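Student: The structure that follows is given in the form of structure tokens.
The values are calculated or read from the model by the stated rules, or taken from the named source; none is laboratory data. Predicted model only: the values in this text are computed from it and were never measured. Here Cβ is always computed from backbone atoms with ideal geometry, including for glycine, and neighbour counts include all displayed protein chains.
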Amino acid sequence: MFRRPRRMSDFSAEVQSHIEMETDRLQAEGMDASAARAQAIREFGNRAASEERFFESSPASVVEGVARDLRYGSRVLRKSPAFTLVAVLSLALGIGANTAIFQLVDAVRLRMLPVKNPDQLVQVRLSSMNKVRGSRIGRNTLTYPIWNEIRDRQQALSGIFAWSSSAYDLATAGEPRFIQGLVVSGGFFSSLGLEPKLGRLLQEADDTPGCGFPGAVISYAFWQREYGGQPGAVGSKLNLNRHPVEIIGVTSPGFFGMEVGRSFDVAVPVCTQGALYGRDLKSLGTIWWMTVMGRLKPGWTLPRASSYFQSLSPSVFQISLPANYPPVSMKDYLALQLVAEPAGQGVSDLREVYSEPLYLLLAIAGMVLLIACANLANLMLARASTREREITVRLAIGASRGRLVRQLMVETLLISTAGASLGLVAAQVLSRLLVSLLSTQGNMVFVNLDRDWRIFAFAGALAVLTAVLFGLAPALRSTRTGSGDVLKTGDRGTTASREGFGLRRLLVVVQVALSLVLVVGALLFSGTLNNLLSAETGFRQEGVLIARVAFGALGLPKERIGGFRQDLLERLRAIPGVAAAGDTDNVPISGNSTSNAFWMEGQLQSQARECMRSNIGPGYFDALQIPLLAGRFIDPRDTQTSSRVAVVNEAFARELMGGANPVGKHLWVEATPSEPATSYEIVGMVRNTKYIELREHFPPIVYQAQSQNPIAEPADAFLIRSSLPMDALTPAVRAALTGAAPGIRYKFQLFETSIRDTLVQERLMASLSSAFGILAGVLAAIGLYGVMAYLVTRRRNEIGIRMALGAGRREIVGMVLRESAILLGSGLVAGAVLSRFATASVASLLFGLKATDLRSLLGAAGLLALVAFAASYVPARRAANLDPNTALRQE
Amino acid sequence: MSTRDEKERIALLQGTLDLLILRTLVFGPEHGLGIARAIQRQSDDVLLVDHGSLYPALQRLEGQGWIKAKWGVSDNNRRARFYELTRSGRLQLTHETGQWRKMVAAIGRVLEPGEMEG
């Protein structure tokens, strides 16, 4: 039987009618109206208590009871809008920040690919890529000949497929407009179980050797962006690297590709690759670029498949061994091992780089939420002491403690649920902001931020957790008040609050401790970023423009490429305001690297050392202002026909020659797929520079002449040093390049920007940890302020007495500040201990300082002490300004 | 110096108020104040009904389904909430009256010997 519970107002009306009738009766007995009324009210007794008992005794199921608690709770909260607003907003911020970071963790770490049965997907890859020779493009990739062998031999997987990602240029001339492309084997879409949104997807029949350009499949997002979702897009032509390709279909909206962190725009069959890139990688056994995946056949487990591929390895590598593989490395090639790994989550560089930072940020945001919860708990305790009378009355007239705790917890849950709901909205904005922080000019990060059940579960769990954290202790504490005591005391319900006050102090100590950890972290990460930004690179990156130029489309014969490059350099140098220009196949600190084994003439090859190498042209050292220490630079005299020369850096001389002057000596380069072992004369030595990244020690580097490079690559990076402002320089450079050949493709980037862009992760950690650190410090200060203000109010009497006995304002201020110093000090000590443990886990992310960096710890403690002093000075002043007379009279 | 007014009034035992309310309502619908007065009158002013407890008790009984209530008009034209015994309320009254008698008899048996000794 369900009945609407009776309303309190109805009950009140009944009580009112009772009193009126009683008044009538008393008046009838001869009392005058007002006396009769007074007596009726007196006889009725405590109306509020009666209402309370009505409330307690109303028949109610748990559901009805909670519903009533909800109504009562929301009324209580509406009555104190300031408290509610502060509580909800601070939770929304805290839960929002946590959820935003969790959304990234979810997208990068937890989510499965949006394909059919992703848990069946496995990747076939090498157990280790450490010993492979040649060019590696992408993580855990294989060569095309290896993929061929695997596809034809393997029995473990159904629907095996391979793919590779690369950028395609949409522009028909001039500056490129890159989109994300995939080359896929014929079985790609069918094996993944994908359906077209429009048209059809690529099939096995599309992927036949020498297919030319059978067509391209575009992603739903690309279709929306470039074609506004027009169905006419299918059948139209798309310009990919200046080849018109017909669009044959659009994928369904959910599918963003196989890589987490990057979305695909266009997919073409792998048979198109040679025509599209201008260089066919399919016959090459030294280019590692294909990712191979498949579905486990029924009855196959991952371990079984993995050991199966291991047993298959010897024959695969025996057959696929490239003829030009460097002889010294053949044994390593034949010993390579294939394994199967789960691939349901796709592949991701982002995952490799950001897993640790993201979990760390989640921990940091979690601590901020804890600090915010401590503040709310403090607020709740303060509220509890003002509601002490209400609660005591209710306890006195028979409300059970459980009943009251339930009602207080419902209030708390209302706050935290509102906070979490708002937080979910805020997270949508914050997570997008986070992703945009990860993106750079050259690397647009795409992460699927659609909310799945995990996000809602996470926010829901946070709502419950925070409610327990900031609501349960105050609720239990405030309902424990011995009944009666409070009713007897004055308006300042102080009973049992000594205990309650102890809890509040403890909360502040915890807040200070946690915020110290966060501020130390913030200082460590900003210090790291600063150290990296000011790290000695060995060259001057300011004022250098990089023009990455590709001229493969010009179809120059191999022997004319060197001359064309020389022509370009001269045109660039002729621009007024250009101080120097040089070219290289490897811009430092760009993430790319080439290395090889080198040994000195007279040494054994077994003594060879792995060194970095760059092919450079004349002007390179001038453009980067790398000083010459001995001998000469590479110059125009070094040509294809002259003897092979090299320039080395100091680190090379130190590590391979014990620091002797290298000029005039000969070094040997181990055989590569394109060149047998060759001897080079060292003609110069230059200052040390960084090569791959800012964090490294100066590595040994060998510079070889671009003009003597046996691979005449139709691409190069030109480094142009100029005092011109960039918006004046780029048009001039553009004019010079198109003047040399109208069909040339180029891309500009500032060298400084290119280096800064390698610090995305460090910048993210520095800025977010600083933001959270500041937030933590402010929250802790608010907590401290609250407790000190409360302390001053509570000790008004004592302060009055002290003043009456002759204590001056300074003594009073000192007294209050001492109290806060004790809290601060305990917090800092606890925080220092805590941060020792906490920072140990971030050591690998730091640069130029240790996790135990004393200056960061002291700096953080100093900052917090300053904030804490400011926060407690206000209440201290208020205490000192008390008038002893009023303070004492007010009982 | 004792007057009639000072005769001892007894606060109701826990649980007995419900029984008395049900009993009072046997004579027809009545509002809260009327119930309180009836109990007082019928007990020769010995039993004092705490008005503050009366309404929660009525609420409890209503919740059990033993009485039902609706708003009406009192003798002197005041709006009042009138309570009425339900079928299950009558059964409950019979049951509780029986229980009460048994308890009184039992308590009596316990108390009698002690009085003999004293």
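Student: As an exercise: evaluate residue A:124 against (1) without any contact (Cβ under 8 Å) to a residue 60 or more places away in the chain; (2) buried (at least 22 other Cβ atoms within 10 Å of the Cβ) and give the number of the one condition it does not meet.
Tutor: Just one mismatch for residue A:124, condition (1).
Student: Do you know which residues across region A:148-168 are crowded, with 21+ Cβ neighbours inside 10 Å and within 25 Å of residue A:737 (Cα to Cα)?
Tutor: Of everything in region A:148-168, just one residue is crowded, with 21+ Cβ neighbours inside 10 Å and within 25 Å of residue A:737 (Cα to Cα), namely A:168.
Student: Could you please find all residues in region A:781-806 being among the small types (Gly, Ala, Ser), out of contact with any Pro (no Cβ under 8 Å at 6 or more places or on another chain) and buried (at least 17 other Cβ atoms within 10 Å of the Cβ)?
Tutor: Once the filter is applied, which keeps residues that are among the small types (Gly, Ala, Ser), out of contact with any Pro (no Cβ under 8 Å at 6 or more places or on another chain) and buried (at least 17 other Cβ atoms within 10 Å of the Cβ), region A:781-806 yields A:781, A:783, A:786.
Student: Out of A:835, A:826, report the one residue that is touching a Gly at 6+ places or on another chain (Cβ under 9 Å), part of a helix (DSSP H, G or I) and surrounded by 17 or more Cβ atoms within 10 Å (Cβ to Cβ).
Tutor: One residue alone meets the criteria, A:835.
Student: Of (1) within 10 Å of chain A (Cβ to nearest Cβ); (2) touching a helix residue (DSSP H, G or I) at 6+ places or on another chain (Cβ under 7 Å); (3) farther than 15 Å from residue B:35 by Cα, residue B:81 satisfies all except one. Which?
Tutor: (3)
Student: Going through region A:618-638 one residue at a time, which ones are surrounded by 14 or more Cβ atoms within 10 Å (Cβ to Cβ) and within 39 Å of the chain's Cα centre (by Cα)?
Tutor: Answer for region A:618-638, where residues must be surrounded by 14 or more Cβ atoms within 10 Å (Cβ to Cβ) and within 39 Å of the chain's Cα centre (by Cα): A:620, A:621, A:622, A:623, A:624, A:625, A:626.
Residue-wise test of (1) at pLDDT 85 or above; (2) among the hydroxyl-bearing types (Ser, Thr, Tyr); (3) more than 25 Å from residue A:17 (Cα to Cα).
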| position | (1), (2), (3) |
| --- | --- |
| B:56 | no, no, no |
| B:75 | no, no, no |
| B:82 | yes, no, no |
| B:101 | yes, no, yes |
| B:105 | yes, no, yes |
| B:111 | no, no, yes |
| B:116 | no, no, yes |
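Student: Restricted to region A:479-536, and to residues that are acidic (Asp, Glu) and in a loop (DSSP other than H, G, I, E, B), which residue is modelled with the lowest pLDDT?
Tutor: Result: A:491.
Student: Taking region B:52-78 as the search range and keeping residues that are in a loop (DSSP other than H, G, I, E, B) and more than 7 Å from every other protein chain (Cβ to nearest Cβ), which one is surrounded by the most Cβ atoms within 10 Å (Cβ to Cβ)?
Tutor: Once the filter is applied, the top-ranked residue is B:66.
Student: Here's something else I'd like to know. Among the residues of region B:16-34, which ones are within 10 Å of chain A (Cβ to nearest Cβ) and in a helix (DSSP H, G or I)?
Tutor: Across region B:16-34, the qualifying residues are B:32, B:33, B:34.
Student: Which one of the conditions (1) modelled with pLDDT of 95 or more; (2) assigned to a helix (DSSP H, G or I); (3) of a type in the set (Gly, Ala, Ser) does residue A:191 fail to meet, given that it meets all the rest?
Tutor: (1)
For every residue, the table says whether it meets (1) touching a residue at least 60 places away in the same chain (Cβ under 8 Å); (2) more than 27 Å from the chain's Cα centre (by Cα); (3) part of a loop (DSSP other than H, G, I, E, B).
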{"position": "A:89", "(1), (2), (3)": "yes, no, no"}
{"position": "A:96", "(1), (2), (3)": "yes, no, no"}
{"position": "A:103", "(1), (2), (3)": "yes, no, no"}
{"position": "A:108", "(1), (2), (3)": "yes, no, no"}
{"position": "A:113", "(1), (2), (3)": "yes, no, yes"}
{"position": "A:139", "(1), (2), (3)": "yes, no, yes"}
{"position": "A:155", "(1), (2), (3)": "yes, yes, yes"}
{"position": "A:158", "(1), (2), (3)": "yes, yes, no"}
{"position": "A:166", "(1), (2), (3)": "yes, no, no"}
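Quick grid of which residues meet (1) farther than 30 Å from residue A:140 by Cβ; (2) of a type in the set (Lys, Arg); (3) crowded, with 18+ Cβ neighbours inside 10 Å:
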| position | (1), (2), (3) |
| --- | --- |
| A:77 | yes, no, yes |
| A:86 | yes, no, no |
| A:98 | yes, no, yes |
| A:104 | no, no, yes |
| A:119 | no, no, no |
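Student: Can I ask one more? When you look at residue A:571, is it modelled with pLDDT under 90 and either of a type in the set (S, T, N, Q) or not in a loop (DSSP other than H, G, I, E, B) (or both), yes or no?
Tutor: Against the criterion (modelled with pLDDT under 90 and either of a type in the set (S, T, N, Q) or not in a loop (DSSP other than H, G, I, E, B) (or both)), residue A:571 does not qualify.
Student: Also, I was wondering about something else. Tell me which residues, restricted to region A:401-446, are among the hydroxyl-bearing types (Ser, Thr, Tyr) and part of a helix (DSSP H, G or I).
Tutor: A:412, A:416, A:417, A:421, A:431, A:436
Student: Answer yes if at least one residue in region A:637-656 is within 25 Å of residue A:697 (Cα to Cα), part of a loop (DSSP other than H, G, I, E, B) and not aromatic (Phe, Trp, Tyr), and no otherwise.
Tutor: no
Student: Is it the case that residue A:662 is within 30 Å of residue A:845 (Cβ to Cβ), within 46 Å of the chain's Cα centre (by Cα) and not aliphatic (A, V, I, L, M)?
Tutor: Here the answer is no, as residue A:662 does not meet what is asked.
Student: In region A:676-696, what residues are within 19 Å of residue A:647 (Cα to Cα) and either surrounded by fewer than 17 Cβ atoms within 10 Å (Cβ to Cβ) or not β-branched (Val, Ile, Thr) (or both)?
Tutor: Here is the first cut: in region A:676-696, the residues within 19 Å of residue A:647 (Cα to Cα) are A:677-692.
Those that are within 19 Å of residue A:647 (Cα to Cα) and either surrounded by fewer than 17 Cβ atoms within 10 Å (Cβ to Cβ) or not β-branched (Val, Ile, Thr) (or both): A:677, A:678, A:679, A:680, A:681, A:684, A:685, A:687, A:688, A:690, A:691.
Student: Does residue B:92 satisfy the condition of being more than 10 Å from chain A (Cβ to nearest Cβ), assigned to a helix (DSSP H, G or I) and either surrounded by fewer than 13 Cβ atoms within 10 Å (Cβ to Cβ) or polar (S, T, N, Q) (or both)?
Tutor: Spelling it out, residue B:92 is indeed more than 10 Å from chain A (Cβ to nearest Cβ), assigned to a helix (DSSP H, G or I) and either surrounded by fewer than 13 Cβ atoms within 10 Å (Cβ to Cβ) or polar (S, T, N, Q) (or both).
Student: Do the conditions hold for residue A:562, that is, is it surrounded by fewer than 21 Cβ atoms within 10 Å (Cβ to Cβ), part of a helix (DSSP H, G or I) and modelled with pLDDT under 90?
Tutor: Considered against the rule, which asks whether it is surrounded by fewer than 21 Cβ atoms within 10 Å (Cβ to Cβ), part of a helix (DSSP H, G or I) and modelled with pLDDT under 90, residue A:562 comes out as yes.
Student: Identify the residue in region A:579-602 that is outside any strand (DSSP E or B) and farther than 18 Å from residue A:646 by Cα and, among all such residues, is modelled with the lowest pLDDT.
Tutor: Step one: of region A:579-602, the residues outside any strand (DSSP E or B) are A:585-594, A:601-602.
Subsequent filtering for residues that are farther than 18 Å from residue A:646 by Cα retains A:589-592.
Numbers: A:589: 92, A:590: 84, A:591: 74, A:592: 78.
Here the answer is A:591.
Student: Another question, if that's okay. As an exercise: evaluate residue A:783 against (1) of a type in the set (Gly, Ala, Ser); (2) within 23 Å of residue A:357 (Cβ to Cβ); (3) in contact (Cβ under 8 Å) with a residue 60 or more places away in the chain and give the number of the one condition it does not meet.
Tutor: In the conditions (1) of a type in the set (Gly, Ala, Ser); (2) within 23 Å of residue A:357 (Cβ to Cβ); (3) in contact (Cβ under 8 Å) with a residue 60 or more places away in the chain, residue A:783 misses (2) alone.
Student: Would you tally the residues in region A:387-400 being of a type outside the set (A, V, I, L, M) and not in a helix (DSSP H, G or I)?
Tutor: 3
Student: Report every pair of residues separated by at least 6 positions or lying on different chains whose Cβ atoms are under 9 Å apart, first residue within region A:323-347 and under 21 Å from residue A:110 (Cβ atoms) and among the charged types (D, E, K, R), second at pLDDT 85 or above and part of a helix (DSSP H, G or I).
Tutor: As it stands, the answer is A:341/A:302; A:341/A:306, since those pairs meet every condition given.
Student: Turning to a different aspect of this structure: Select from region A:367-391 the residues that are surrounded by fewer than 20 Cβ atoms within 10 Å (Cβ to Cβ) and either of a type in the set (Val, Ile, Thr) or modelled with pLDDT of 95 or more (or both) and list them in ascending order.
Tutor: Residue satisfying the conditions is A:386 alone.
Student: Here's a follow-up. If you go through region A:756-780 one residue at a time, how many are among the aliphatic types (A, V, I, L, M), under 27 Å from residue A:383 (Cβ atoms) and buried (at least 18 other Cβ atoms within 10 Å of the Cβ)?
Tutor: 4
Student: Residues of region B:35-51 being within 8 Å of chain A (Cβ to nearest Cβ) and buried (at least 20 other Cβ atoms within 10 Å of the Cβ), which ones?
Tutor: The answer is B:51, and nothing else.
Student: Another one. Determine if region A:31-44 includes at least one residue that is within 11 Å of chain B (Cβ to nearest Cβ), modelled with pLDDT under 80 and not in a helix (DSSP H, G or I).
Tutor: Looking through region A:31-44, none of the residues is within 11 Å of chain B (Cβ to nearest Cβ), modelled with pLDDT under 80 and not in a helix (DSSP H, G or I).
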